[in-house]
Each structure stands twice: as C-alpha cells, then as structure tokens.
Amino acid sequence: MPFAFAGALRDAGPVDLRHTCSRCCRALRYSFQDEEDMFMVVDLLLGGDLRYHLQQNVQFSEDTVRLYVCEMALALDYLRGQHIIHRDVKPDNILLDERGHAHLTDFNIATIIKDGERATALAGTKPYMAPEIFQSFVNGGTGYSFEVDWWSVGVMAYELLRGWRPYDIHSSSAVESLVQLFSTVSVQYVPAWSKETVALLRKLLTVNPKHRVSSLQDVRAAPALAGVLWAELSEKKVEPGFVPNKGRLHCDPTFELEEMILESRPLHKKKKRLAKSRSRDSSRDSCPSENDYLQDCLDAIQQDFVIFNREKLKRSQDPTPEPGDAAEASADSDGVRSALPACGAICPSAGSS
C-alpha cells in the first residue's frame, strides 16, 4: 500500500537485515543487485505462511496458537533489542518451516528508533495496525513505539483461533473512523475458549498501549503460557501442534504464475517507463513532488546498497579460517560494513517520521 511505503521511507530508515539472526526471524543470506533491481536471498521456509493455512480452513488449536504467540514474542523481543519496530506483523508475514515453527518475515516497512524516540508515520496493514498509530496520525499525538507489534500479534492470534479478525477493518476503512471504532466497539470472545487464552488476548488487544502486554517478560508472566519451556522453545526443540504436510506445496502456484504472466509493469520495460514518468513530471510542475522525494530515497538506497554474503561473513569471523579464505574475506569487506545510512539523513527535507 502506498501510504505504508512512503511512511517507511520517512521513518528512521532502512533496516539492516544482515544482523537479523533470531531463530524466530527469517534471516538474510545474500544480497546483490544488477543494473535495474536489488535482490535479497533469505531462508527457504517450506511450510507456507499462516494466511495460506487460514485460507485452507486449518483449525488451529489453542495450544498451537499459544506457540505462535510465544515464537513471535521471542522475535519481537530480539527486534526490540535491535531498536526495530516491524509494523506489519500479520499471518501473511509469518512463515512456517517444515517442522511447523513460526518465523517473522517481510521487513519492508520496519523502522529503527533510538532510545526515547517514537515513530509517527502511518505505516502498516490497517486491520492489524494498533489504535495509537491512527490516533497519532489524526490527532497529532506523541507517536507510537514497540507496543504496536504486540497489538498485531493479538489480532493475528484471534484470527487464527476464530477465522476472522476482532474488528471489522478493511484497507478501504477511513482512518478517522477507526479512531472512534476502538473507543466504541468491544471485542467478542468465544465462550469455548479457555479463560487463560481469553485473558492473554485481552492483554494483547488492550487499546491503551501503556496497559498492553508488550514485552517478553509480560508474556512469560501470562497464566496461559505458564508451562512454556522458554529455553527449549528458543532452540526450536518444542514440537508444534500443527506440522505442514511435507508432501504438499504450501502456496497457490496458479496465483504465483498469473502474477508473473499478467504483470502490467514488466521489469524489462522499467527504464523506459521511468524516463517517461520523469518527463511528464517535469513538464507538469517544476516543484518537488512526493514522487520526487520517494525516487530520491530509492536512488540513495540503491547507491549505498550493501552486497552481503552470510557464509563469507561467518568465515571472516572465524578465528581459524581455512587457507584462501582471507583473500575472499578481504575482497568482500564491503559486505560487512555497518548499517545502511538512515533515509532521513539521505533525504532530510520531506516530513517527519
């Protein structure tokens, strides 16, 4: 969605996925680019995303959903240590591996905030966005912080258990109406759910972020998760209740193929298309536009793009490297630089985060 992308560029800047290595986050393995495109190679997870399994009418048990909540709690705890707000936690962005463990992926609109700072951009997928994001956008407010991701986990958990989300929110919903919605509509919980599960969901779906479960410590104290073996879980040694069928392809190949065939903006025509677009923009108005700002940011990101190879990085950090590795590590020294420059520093003139 355009507002999410624009907001992401206005916030603290691109997230450096080279250092995202939690067992509950999908890791970046390689990055490279050619003349036109950037490529990111990430872990291969063959269990499908939770959205696909919802569409296949999988009935997730409370125990299974609790496991996903725990694994997302570990992922968010790790990201908080890296000062990262994901901002798009939802079933589509939670992938299962072959054993059924959940991994958080898709950091397209994630942002980095320093201690004491808060984000203010309207970014995310509306049905999963926390109330304070909308309130900050409409009323000015003080912005939002890491608590927004925990709200999204609550929406995700509710949806997995019931089959639909706790609030009737769609991408077309007006932002102003959503501010009022959260203050007037109460979430309905299924009587058949255990009181412990309902209590956990209530804590995750608390409108006031100050009272919301929003840390690993808070989650570990929840009665619903009292029996969780956290050390084993962090090592993926706990057996999930739902294991994807290894003999099936857990995605819709028809959809993927149609998306490629029916692409209305093919990559091989990108240069000509961009040239025409820039020509039209310059003929219409000489003043800087929103598209100019976004293009400047994209150009800057491309210029500072870091080629990355996790295997070479591991070898360069090995105290006893194999013969010949030193030369490779030296040649790849650019691949282990510090994080990319913040987009705010590259394009400081357009709006706040």
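The values are calculated or read from the model by the stated rules, or taken from the named source; none is laboratory data. As the structure is a prediction and not an experimental result, all values here were calculated from the model. A quick note on method: Cβ atoms are made from the backbone with ideal geometry, for glycine too, and the neighbour counts reach across all protein chains shown.
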*Could you please let me know if L44 is part of a loop (DSSP other than H, G, I, E, B), modelled with pLDDT of 75 or more, surrounded by fewer than 19 Cβ atoms within 10 Å (Cβ to Cβ) and of a type in the set (A, V, I, L, M)?*
yes
*Only one residue in R66, R51 is in the same structural domain as A222 (by TED's automatic domain parsing) and surrounded by fewer than 18 Cβ atoms within 10 Å (Cβ to Cβ), so which one is that?*
R51
*May I ask you to verify whether S145 is under 21 Å from the mean Cα position of the chain (by Cα), within 20 Å of H86 (Cβ to Cβ), at pLDDT 95 or above and surrounded by fewer than 20 Cβ atoms within 10 Å (Cβ to Cβ)?*
yes
*Please name all residue pairs, on different chains or six or more residues apart, with Cβ atoms under 9 Å, provided the first residue is in segment 123-137 and is at positive phi and the second residue is not in a loop (DSSP other than H, G, I, E, B).*
G124/A4; G124/G7; G124/I133; G124/V148; G124/S152
*Any idea how many residues of segment 78-106 are under 18 Å from F146 (Cβ atoms), over 10 Å from the mean Cα position of the chain (by Cα), crowded, with 23+ Cβ neighbours inside 10 Å and not hydrophobic (A, V, I, L, M, F, W, C)?*
0
*Of the residues A174, A157, which single one is free of Cβ contacts under 8 Å to residues at least 24 places away in the same chain, of a type in the set (A, V, I, L, M, F, W, C) and out of contact with any strand residue (DSSP E or B) (no Cβ under 7 Å at 6 or more places or on another chain)?*
A174
*asked:* Just the residues that are modelled with pLDDT under 70 and part of a loop (DSSP other than H, G, I, E, B), please, taken from segment 230-268.
replied: L262, E263, S264, R265, P266
*Which one of these does A6 not meet: (1) within 21 Å of V153 (Cα to Cα); (2) at pLDDT below 85; (3) small (G, A, S); (4) in contact with a helix residue (DSSP H, G or I) (Cβ under 7 Å, 6 or more places away or on another chain)?*
(1)
*Tell me, please, whether a residue that is at pLDDT 95 or above, part of a helix (DSSP H, G or I) and either aromatic (F, W, Y) or in contact with a Phe, Trp or Tyr (Cβ under 8 Å, 6 or more places away or on another chain) (or both) can be found in segment 163-170.*
no
*With (1) under 23 Å from H170 (Cα atoms); (2) surrounded by 24 or more Cβ atoms within 10 Å (Cβ to Cβ) as the list, and T111 as the residue in question, which single condition is left unmet?*
(1)
*Is it true that some residue in segment 177-198 is basic (K, R), surrounded by 12 or more Cβ atoms within 10 Å (Cβ to Cβ) and outside any loop (DSSP other than H, G, I, E, B)?*
no
*Go through segment 212-229 and give me each residue that's more than 14 Å from G154 (Cα to Cα) and part of a loop (DSSP other than H, G, I, E, B).*
A221, A226, G227, V228, L229
